Amino acid sequence: MQLTRFIQELLYQHECVTIPQFGAFLTRPMRVRITSEGMFYPPRKEVNFNQLLVANDGVLAHYFAQKEGVSYEHALRQIEKEVSSWKKRLQTQTLRFPGVGELRLNTEKKIQFIPWGKVNFDLHTFGLVPFKRIPLEKEAVEPKLIPPMENPPKDDLMFTPEKQKSVFDKPWLRYAAIGAIGVALLSATYYFGEQYLTDQRLEAQVNAQQQIERKVQEATFDLGSFSTVEVSIKADPKPEKGVLAQPIYSVIAGSFRSIENAEKKRAQLVSEGYEAALAEINPEGLYRVAYGRFKTKKEAISLLYFLKYTLEEEAWYLEEK
């Protein structure tokens, strides 16, 4: 009967193969083992037998029915018939399961399983066999001595040492290095040139501002003759003009003698989106209206350049101290 062969085939796929009313074959994984004699045993699964597991789990019966082409009930009856025969034979002889092991009764009339251990049921290492590891031996290499020449040549040996190659011997590397140096020089020229132009523009703006203030101070106004009006004013003592904690940089839009006109100009600039404000009064008593007042010179110069060169508006720079 093929039942013993079916048990061996099922042990490759299942860790437990139960034979109803007889017992179960169990597989247990074993790790790699290396003995002191140099023997190497690959991973494997060893088989054990447990006679207490007798409940039918259906694995063997289903496999039997599939292989023999019969129904599950018919396969189960055939297994029960074969198990009854095994129990009778076991009383007087040894049962052998090819590739698995053998069963026999010991002196206490209990089933004893002796695995053969010739078949590895681990599919991952199937086919690997034990072997003995042979250590490698290093061969001693004797140095070879070169005997001296009996008649060495007397002619002078003329040779020219080989010139070491440089990374710049390649043309494309030289061009790349020249290009990198050129880009660096252009960048430095642009940076310092832009800084120089900014300083020159600032100096020219300061000179123009000084000339404007000088013309305003030297200007004379023909206001005609006025009738004498006597006005009694109770003057309060004015506080002395203080010194700013830090200079304020303003961009001036215009100067006005009337505070009303100065306020109108400031309101117009605010409606246009500027942060306009009244700057300090000039020495002639004119009210200055600024597009904006800043704490840094850079902000004021940036706005001044935008007004003069982009919007083409009349404006000038003032440093209030």
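Just one of V17, V32 is in the same structural domain as G58 (by TED's automatic domain parsing) and surrounded by fewer than 12 Cβ atoms within 10 Å (Cβ to Cβ); which is it?
Numbers: V17 fails: surrounded by fewer than 12 Cβ atoms within 10 Å (Cβ to Cβ).
V32 is the lone residue from the list that is in the same structural domain as G58 (by TED's automatic domain parsing) and surrounded by fewer than 12 Cβ atoms within 10 Å (Cβ to Cβ).
Quick one: in segment 100-119, which of the residues that are closer than 15 Å to I19 by Cβ and of a type in the set (V, I, T) is surrounded by the most Cβ atoms within 10 Å (Cβ to Cβ)?
Among those that are closer than 15 Å to I19 by Cβ and of a type in the set (V, I, T), it is V100.
Mind checking which residues of segment 12-40 are farther than 18 Å from L52 by Cβ, touching a strand residue (DSSP E or B) at 6+ places or on another chain (Cβ under 6 Å) and in contact (Cβ under 8 Å) with a residue 12 or more places away in the chain?
Within segment 12-40, P29, M30, I34, G38, M39, F40 qualify.
Within segment 257-287, track down each residue that is touching a helix residue (DSSP H, G or I) at 6+ places or on another chain (Cβ under 8 Å) and within 20 Å of I301 (Cα to Cα).
A276, A277, L278
Out of all the residues in segment 47-78, which are in a loop (DSSP other than H, G, I, E, B) and either of a type in the set (D, E) or not assigned by TED's automatic domain parsing to the domain that holds N120 (or both)?
Residue satisfying the conditions is D57 alone.
Mind listing whichever residues of segment 9-46 are basic (K, R) and part of a loop (DSSP other than H, G, I, E, B)?
Scanning segment 9-46 gives a single hit, R31.
If you go through segment 59-71, how many residues are surrounded by 13 or more Cβ atoms within 10 Å (Cβ to Cβ) and without any contact (Cβ under 8 Å) to a residue 12 or more places away in the chain?
2
So in segment 248-272, with the set limited to residues that are small (G, A, S) and out of contact with any strand residue (DSSP E or B) (no Cβ under 7 Å at 6 or more places or on another chain), which one is nearest to E284 (Cα to Cα)?
This residue is S258.
If we keep just the residues of segment 79-93 that are free of Cβ contacts under 8 Å to residues at least 24 places away in the same chain and in a helix (DSSP H, G or I), which is surrounded by the fewest Cβ atoms within 10 Å (Cβ to Cβ)?
K88
In segment 87-113, what residues are hydrophobic (A, V, I, L, M, F, W, C) and either in contact with a helix residue (DSSP H, G or I) (Cβ under 7 Å, 6 or more places away or on another chain) or under 16 Å from L52 (Cα atoms) (or both)?
Listed by number, the residues that qualify are L95, F97, V100, L103, L105, I111, F113.
Look at segment 268-297 and say how many of its residues are surrounded by 12 or more Cβ atoms within 10 Å (Cβ to Cβ) and either among the hydrophobic types (A, V, I, L, M, F, W, C) or assigned to a helix (DSSP H, G or I) (or both).
Final tally of qualifying residues: 13.
The values are calculated or read from the model by the stated rules, or taken from the named source; none is laboratory data. Just so it is clear, the model here is predicted, and its values are computed rather than measured. Ideal geometry is used to build each Cβ from the backbone, glycine not excepted, and the neighbour counts take in all protein chains shown.
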